């Protein structure tokens, strides 16, 4: 899964959760709140999107999506199975 495939309802719910978590930071400027929100969303995407995860076998741990693009590869099918 990549970022574009994450359902909009899931993103909306995650944003609501994050905003509740950072609501105590109301004394911060809006741009700081937005940066925190963006950072937490990026972390969320790293957890749920294969293409946003770090590629552990290459120096610098580039994201899987960047590695695939660099080598002209694409994921045609991916199915997540929980244990």
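Nothing in this text is a laboratory measurement; each read-out follows from the coordinates by a stated rule. Since this is a predicted model, take the numbers as computed values, not measurements. Quick reminder, even Gly has a Cβ in these numbers, built from the backbone with ideal geometry, and neighbours come from all protein chains shown.
Which members of segment 12-55 meet the condition of being under 18 Å from residue 2 (Cα atoms) and not in a helix (DSSP H, G or I)? Show your work before the answer.
We begin by selecting, within segment 12-55, every residue under 18 Å from residue 2 (Cα atoms); these are 12-15, 38-55.
49, 53, 54, 55, listed by residue number.
Table: residues versus (1) in contact with a helix residue (DSSP H, G or I) (Cβ under 8 Å, 6 or more places away or on another chain); (2) surrounded by fewer than 13 Cβ atoms within 10 Å (Cβ to Cβ); (3) without any contact (Cβ under 8 Å) to a residue 24 or more places away in the chain.
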{"position": "9", "(1), (2), (3)": "no, yes, yes"}
{"position": "41", "(1), (2), (3)": "yes, no, no"}
{"position": "55", "(1), (2), (3)": "yes, no, yes"}
{"position": "75", "(1), (2), (3)": "yes, yes, no"}
{"position": "79", "(1), (2), (3)": "no, yes, yes"}
Fill in the blank from the handout: Filtering segment 62-73 down to residues that are surrounded by 12 or more Cβ atoms within 10 Å (Cβ to Cβ) and part of a loop (DSSP other than H, G, I, E, B) yields 62
